[in-house]
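Worksheet: the structure to be examined is printed underneath.
Read the figures in this text as sums done on the coordinates, not as results from a lab. None of the values given here were measured: they were computed from a predicted structure. Cβ atoms come from the backbone with ideal geometry, glycine included; neighbour counts cover every protein chain shown.
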Amino acid sequence: MPLPLLASHRLPVGDGHELHLAQYGDPDGVPVLYLHGGPGAGCNADDTRLFANCRVRLLLLDQRGAGQSLPRGELNHNHLQALLADLELVREALGIEAWCLVGGSFGATLGLIYSGLHPERVLAQVYWGLFVPSLTGLSWLYGPDGAARLFDEDYQRFSSGIPIKGWLPLLFDYFHKAFEHADDKIREPALRRWLEWEMALAFPGNRLLQPIGWHSTVLARTELHYARNHYFGALELLQRVVTKITAPSLVLQGEQDWVCPWSVLQSEIWLPEAGTVDITKVPEGFHSLADMKMYRAVADAIQTMVQQQQINR
């Protein structure tokens, strides 16, 4: 069962942005901040199911432009440094001295960077499907020689009509123009191609059947915005601060995570050098928590983390 809702409100953070924050669980429980992925995916009340039987004060924060934050889908003043600053604004506004962090995909990237910048504010953290915002990661995800070789038909639908030579800027420019086009007969097929490619990798065998709603539009536009801007220096910042992390940190990576594959993590040799960060492979696990193998592994890890924090309090 989902945790009970304690409060829900929006917090102004500057630049015209207001972040939606929903608090669940026990007001006296272990404070836990949930970092959604995408970027741009937003949170959902169903995310609280990961914390069943955990005594937590769970904070579901919609990052800039995502979920119920306002303005919806806004990309101006929406970048990595702003997202990181927002986390500190939220923590201070709530009067929380230190908290636990959990999150997946880009949320894991964001959380690891934050915990390296503010090690004294993080008690412990659990992540899954860590996305490495490097050229290797981008090439695997969007290029013709990475995941495309495993999902050839899906990639052909995704990249149809875009020249392979000079693929990265051409591909991103193509989708940017299509996403912003006034004609929905051009815009919506492009959004569907982007989202279906991601779904093919996150949870193979599933297809996007429903119409493209505002939530999916925000997700695709925000993901492209960050990818086109090389995640606003996220890789360099992560490399600089990852060894400063002091909190017990667990990263669960699916053996069959084709969005953020184990091989890409292994190629980034600097990551395992972080002494407190344990990277564990989940056998046969996918990227999406719709995969029950990943879901159970993450839920079990969160429960263990929370129980340990209760002992430490």
Relative contact order as a percentage, the chain, C-alpha pairs under 8 Å and 6+ apart, gives 20 percent
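For region 175-231, run through the trypsin sites (Lys or Arg not before Pro) and keep only the ones in DSSP coil with at most 11 other Cβ atoms within 10 Å of their Cβ. Intermediate values should be presented prior to the final figure.
Numbers: sites: Lys177, Lys185, Arg187, Arg192, Arg193, Arg207, Arg221, Arg228; in loops: Arg207.
For trypsin sites (Lys or Arg not before Pro) across region 175-231 that sit outside H, G, I, E and B with at most 11 neighbouring Cβ atoms in 10 Å, the list reads Arg207.
Assuming R0 = 30 Å, what is the FRET efficiency of Thr243 and Leu89, from their Cβ-Cβ distance, to the nearest 0.05? Intermediate values should be presented prior to the final figure.
Details: r = 26 Å, r/R0 = 0.86.
Efficiency, from the Cβ-Cβ distance: 0.70.
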Please express the Cα-Cα pair-distance distribution P(r) of the chain as a list of whole percents, one per 10 Å bin, running from 0 to the bin with the greatest distance.
6, 28, 37, 23, 6, 0
Let me know the shape class of region 136-230, please: from the alpha-carbon gyration tensor, a ≥ b ≥ c as square roots of the eigenvalues, rounded when a/c is under 1.5, otherwise prolate if a/b is greater than b/c, or oblate.
oblate
Label points 7 Å out from Cα along the Cβ direction at Glu153 and Thr280: separation in nm?
3.7 nm
